[in-house]
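Let me give you the structure first, and then I'll get to my questions.
We did not get these values from a lab; they are worked out from the coordinates using the rules stated. Only a predicted model underlies this, so the values are computations on that prediction, with no experimental measurement involved. Every residue, glycine as well, gets a Cβ built from its backbone with ideal geometry; the counts of neighbours run over all protein chains shown.
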Amino acid sequence: MNCFLIAAVTADGFIARHPDDRSFDWTSLEDKKFYVDMIKQAGTVVMGRQTFGTFTRYPKGLQFVIYTREPASFQNPKPEVIDAWATQQSPAELLADLAKKGCTNVAICGGSSIYTMFMKSGLVTKLYLTVEPVLFGQGVSLFSDSLDQNLQLVEVKKLSDQTIVLEYDVLKA
């Protein structure tokens, strides 16, 4: 299973000013296109309920898996556009279930606690970080807890004169 983490970060390493902040409000048009292309390529998107709540539009045909403390109360806001359902499964259980359904690519799309949970699981194979020329000084960190994970830089891709994507392989211990 190709399980990749994708995030946009400020030059000082934050994914948001506050938990309800929408990254689409401060990221470049180039990042928005890169993000949508990557999640379409994956087909399955995993994120927390709060992050899902910041979306106003959904690319058609995607499967969204939403982490929430109350999966039974989750309702798909656009059943005519996307397949969306909620879970509390561990990352290993979720990816095993998705693999049984034929899923081969999964995009982990936030927020901070979801990124942390999946990185700690050891199941993430790639990390894509768009670095935007913005400083917040403080805000929501990419990860919500300490990690000890080595990465290998695969590629630095310029999306524009101002925005880059860092592609890393996640090295296994």
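Each residue of region 92-98 in order: what ³J(HN,Hα) in whole Hz does its phi give by Karplus 6.51 cos²θ - 1.76 cosθ + 1.60, θ = phi - 60°, with x for Gly and Pro?
Rounded to whole hertz, the list is 5, 5, 4, 5, 5, 5, 5.
Would you kindly compute the Cα radius of gyration of region 51-173 and its largest Cα-Cα separation (Dmax), both in Å?
Cα-based Rg and Dmax for region 51-173 come out at 16.0, 45 Å.
Right, another one. Rank these for me by crowding, Thr54, Thr130, going from fewest to most other beta carbons within 10 Å.
Details: Thr54 17, Thr130 23.
In order of increasing Cβ crowding within 10 Å: Thr54, Thr130.
Taking amide H atoms as placed 1.01 Å from N in the peptide plane, list the residues 5 or more away in sequence, or in a different chain, whose amide H sits under 5 Å from that of Ile164.
HN-HN under 5 Å from Ile164: Val131, Leu159.
While we're on this one: From the phi of every residue in region 9-19, what ³J(HN,Hα) in whole Hz does the Karplus formula 6.51 cos²θ - 1.76 cosθ + 1.60 yield, where θ is phi - 60° and glycine or proline is x?
Whole-Hz 3J(HN,Hα) from phi for region 9-19: 10, 6, 4, 9, x, 9, 9, 6, 6, 8, x.
Considering only DSSP beta bridges with both partners in the chain, what is the antiparallel share in %, to the nearest 5? It would help to have the intermediate numbers written out before the result.
On the way: 15 of 39 bridges.
Roughly 40 percent of the beta bridges in the chain run antiparallel, per DSSP.
Let me ask something else. May I ask you to evaluate 6.51 cos²θ - 1.76 cosθ + 1.60, the Karplus curve with θ = phi - 60°, for each residue of region 152-161 and list the ³J(HN,Hα) values in order in whole Hz, giving x for glycine and proline?
So the Karplus estimates, Gly and Pro as x, are 10, 5, 9, 7, 10, 10, 7, 8, 7, 5 Hz.
Mind sorting Thr116, Thr163 by how few other Cβ atoms lie within 10 Å of their own Cβ, fewest first?
Ascending Cβ contact count within 10 Å gives the list Thr116, Thr163.
Just rank Leu123, Leu5, fewest to most, by other beta-carbon atoms within 10 angstrom. Don't skip to the end; give the middle numbers.
On the way: Leu123 19, Leu5 24.
Lowest count first: Leu123, Leu5.
Along each principal axis of its Cα atoms, how long is region 4-100 end to end? Whole angstroms, biggest number first, please.
Largest first, region 4-100 extends 37, 25, 25 Å along its Cα principal axes.
Shifting gears a bit: Report, in deg cm²/dmol and to the nearest 500, the calculated mean residue ellipticity at 222 nm for the chain, where each DSSP H run with n ≥ 4 adds -39500 (n - 2.57) and the sum is divided by the residue count. Mind dumping the intermediate values first?
On the way: 4 runs with 38 residues, N = 173.
After summing the helix terms and dividing by the residues of the chain, the value is -6500 deg cm²/dmol.
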